[in-house]
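Novice: One structure coming up, written as structure tokens, with questions to follow.
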Amino acid sequence: MGTIELLDQPFTQSKRGPYSYEKNEDGFAAVYESGKLVLFAVIDGAAVKPMGDGAKAVEFPNGWSAGRFAMETTKEALKQFVKLSNWRMQALEPFLATRLYEANWEAGVYGNGCLANTPTASAVILLDTGVIHRFGDCRVMVDGELYPSGKRYDGLTVGIRCAVTNLTENANMPFLPKDDDFGRQVISDLLRMQSGFSNVYFGKGQPLPEWSDEFIGILNQISPKMLPEKVLNLLKSKDYVTLFNLLAHDVLNGTPIPPQLLQQPILLGRGKHKIIMTSDGFEPPFIFPNIEESIQNQHHYDVKVDPNRLGEHKATSAVQKGWSTRDDCTHSGVVEIIV
């Protein structure tokens, strides 16, 4: 087996700053076996919006948010995974899906009809076998090469929000509050429906969900100039199955990830490799091997350059006053593995 070594102390922090630890939904896991580091992961927890009216909020252990619960559950599941017999030969994704499903069930997430604040997580996971697993939109750089990440659904909602808000006078307000962010209000229903595209892939002739007409109706009301070209073309041709599959994405949420949505593992060749792993709180232009440099550049952009996130690096929401960054941030530092 290979040898994993952390060359830096990993960093994780809430978007609200260093004194808001309990609010942080990001984290990392360093898992040891017989004193040897065999697995390292960066995990980004999140809560999806409810899919309809009447959803009940769930109270999670320790007063955690849904995202924090998902992150902590995934972290604990990785520790349990390494305890399996011949764990290096076991399939990781089904194990994580089962553990998150069981934890959600115990917490009372299921069974109340319409779910609210459902826990989900993204993760990038390095094993001492030289395999890197990716779920969701965490980021990984291998020997200086940043692998693609992100969801097309985010591209859809980001584009609409920024196009609408940039047409208003409020676009110039510093630290634009969500109630004054008209673009954010326009995409609110799309954000609510996003969970319906998680771990779902539709076969030819398979019926779409009941709420699909509402989703298509919302898109048809939006100016064509604000929609991605592929989405617009599929709307025009009424190829809705292909449209839904285009926007579908993988995530750890307690349900199996369809094979069509599974991200291919990164297989490292023999030799020494330097890996950098982050949550999506660090964006590609600001991911450097040096943690402090990454933090300073991300903070400077988020707070000083474009807190409303309407410019070069667009987002679905603005940085709120008093925050350190737009999102929670985790950075592995340089992780060295010899395979």
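Novice: Among the candidates H331, H300, H313, single out the residue that is under 19 Å from the mean Cα position of the chain (by Cα) and either without any contact (Cβ under 8 Å) to a residue 24 or more places away in the chain or outside the structural domain of S20 (by TED's automatic domain parsing) (or both). Spell out how you get there, then give the answer.
Specialist: Working: H331 fails: either without any contact (Cβ under 8 Å) to a residue 24 or more places away in the chain or outside the structural domain of S20 (by TED's automatic domain parsing) (or both); H300 fails: under 19 Å from the mean Cα position of the chain (by Cα).
Going through H331, H300, H313 in turn, the sole match is H313.
Novice: Scan region 293-324 for residues that are closer than 18 Å to G183 by Cα, in contact with a Phe, Trp or Tyr (Cβ under 8 Å, 6 or more places away or on another chain) and surrounded by fewer than 18 Cβ atoms within 10 Å (Cβ to Cβ) and report the count. Quick ask: steps written out before the conclusion?
Specialist: Applying the first criterion (closer than 18 Å to G183 by Cα) to region 293-324 yields 306-320.
Subset that is in contact with a Phe, Trp or Tyr (Cβ under 8 Å, 6 or more places away or on another chain): 307-308, 313, 318-320.
Next cut, surrounded by fewer than 18 Cβ atoms within 10 Å (Cβ to Cβ) only: 313, 320.
Number of matching residues: 2.
Okay, residues lined up against (1) of a type outside the set (D, E); (2) over 30 Å from I218 (Cβ atoms):
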| position | (1), (2) |
| --- | --- |
| L246 | yes, no |
| L252 | yes, no |
| L261 | yes, no |
| N290 | yes, yes |
| E293 | no, yes |
| G311 | yes, no |
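Novice: While we're looking at this one, here's another question. Going by the conditions given, is L232 modelled with pLDDT of 95 or more and either surrounded by 20 or more Cβ atoms within 10 Å (Cβ to Cβ) or over 22 Å from T165 (Cβ atoms) (or both)? Give the steps one after another, and end with the answer.
Specialist: On the way: modelled with pLDDT of 95 or more: yes; either surrounded by 20 or more Cβ atoms within 10 Å (Cβ to Cβ) or over 22 Å from T165 (Cβ atoms) (or both): no.
Spelling it out, it is not the case that L232 is modelled with pLDDT of 95 or more and either surrounded by 20 or more Cβ atoms within 10 Å (Cβ to Cβ) or over 22 Å from T165 (Cβ atoms) (or both).
Novice: Does any residue of region 55-64 turn out to be part of a helix (DSSP H, G or I), in contact (Cβ under 8 Å) with a residue 12 or more places away in the chain and under 29 Å from T325 (Cβ atoms)?
Specialist: Kept after step one, since they are part of a helix (DSSP H, G or I), are these residues of region 55-64: 61-63.
Those left that are additionally in contact (Cβ under 8 Å) with a residue 12 or more places away in the chain: 61, 63.
Imposing the further condition that a residue be under 29 Å from T325 (Cβ atoms) reduces the set to 61, 63.
Yes: one or more hits.
Novice: Go through region 121-138 and report how many residues are among the small types (G, A, S), in a loop (DSSP other than H, G, I, E, B) and surrounded by 24 or more Cβ atoms within 10 Å (Cβ to Cβ). Outline the logic, then answer.
Specialist: Here is the first cut: in region 121-138, the ones among the small types (G, A, S) are 121-123, 130, 136.
Applying the additional criterion that residues be in a loop (DSSP other than H, G, I, E, B) yields 130, 136.
Remaining after also requiring surrounded by 24 or more Cβ atoms within 10 Å (Cβ to Cβ): 136.
Total satisfying the criteria: 1.
Novice: Please indicate, with yes or no, whether at least one residue in region 38-53 is loosely packed, with under 13 Cβ neighbours inside 10 Å, modelled with pLDDT of 95 or more and in a strand (DSSP E or B). Walk me through how you get there before you give the answer.
Specialist: The first filter runs over region 38-53 and keeps only residues loosely packed, with under 13 Cβ neighbours inside 10 Å, leaving 53.
With modelled with pLDDT of 95 or more added as a condition, the list becomes none.
Taking every residue of region 38-53 in turn, none turns out to be loosely packed, with under 13 Cβ neighbours inside 10 Å, modelled with pLDDT of 95 or more and in a strand (DSSP E or B).
Novice: Mind checking which residues of region 268-283 are farther than 25 Å from H313 by Cβ and of a type in the set (G, A, S)?
Specialist: G269, G271
Novice: Go through the residues of region 173-193 one by one and say whether even a single one is of a type in the set (D, E) and either under 30 Å from R88 (Cβ atoms) or crowded, with 19+ Cβ neighbours inside 10 Å (or both).
Specialist: Scanning region 173-193 turns up at least one residue that is of a type in the set (D, E) and either under 30 Å from R88 (Cβ atoms) or crowded, with 19+ Cβ neighbours inside 10 Å (or both).
The values are calculated or read from the model by the stated rules, or taken from the named source; none is laboratory data. Treat the numbers as computed from the prediction; the structure is a model and nothing was measured. Heads up, the Cβs are rebuilt from the backbone with ideal geometry, glycines too, and the neighbour counts pull from every protein chain shown.
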